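Here is the structure we will look at.
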Amino acid sequence: MQKLKYLIFLLFNLAYKDGKPDESNAPYFNSVIVLVVFQYFILFIALASLNSFIAFTGFFDGPLTIEIRGQIIAAMALLVFVNYYFFVKKKYFDRLYNEFKDAAMNTKRNRRIGYACFILYWVIVFIAIGNLKRWLS
């Protein structure tokens, strides 16, 4: 759990810039949006995999209609609301920042490893989404 918290800290600190954010940047909101995108892709892959074994929704069958796009927008809005409340209103980003800013684990080497993990995550997600239909049929 500590490593996952550290990755969330790195994600937030990428926008927060060690307590010196840009004037035009909104580090809290930007971090929440990136977290929501991470969560949505994981949720999408999990639901598509589950749908191949238990046909519980017509979401993955057929073309993207207005109704399905509305469901996607509603799911994203719900994720944004929940994450914004938890990370910003409950000040979880601030707690993580205070916990890790002077921690022994917050070294330049560990930051590079964390950023490499983020890049690897995106590569795996794009490969998984690209091959999802072929794997699950």
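Readers should treat all values here as calculations from the given coordinates under stated rules, not as data from a laboratory. This is a predicted model, so every value here is computed, not measured. For neighbour counting, all protein chains shown are included, and Cβ atoms are generated from backbone atoms with ideal geometry for every residue, glycine included.
Here are the numbers:
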quantity	calculated
Global size of the stretch 2-136 as Cα Rg and Dmax, reported in angstrom	17.4, 51
Added length on full extension, which subtracts the Cα-Cα distance from 0.36 nm per residue, Ile119 to Leu4	39.9 nm
Folded to 0 to 90 degrees: helix 27-53 orientation relative to the chain principal axis, Cα	30
Cα-based helix-to-principal-axis angle, 66-83 vs the chain, degrees rounded to 10	20
Footprinting exposure proxy for Arg95, Arg112 (fewest neighbouring C-beta atoms within 10 Å first)	Arg112, Arg95
Residue order, fewest to most surrounding Cβ atoms within 10 angstrom, among Glu67, Glu99	Glu67, Glu99
Count of lysine pairs in the chain with Cα separation under 22 Å (8 or more residues apart, or interchain)	25
Cα-based helix-to-principal-axis angle, 108-136 vs the chain, degrees rounded to 10	0
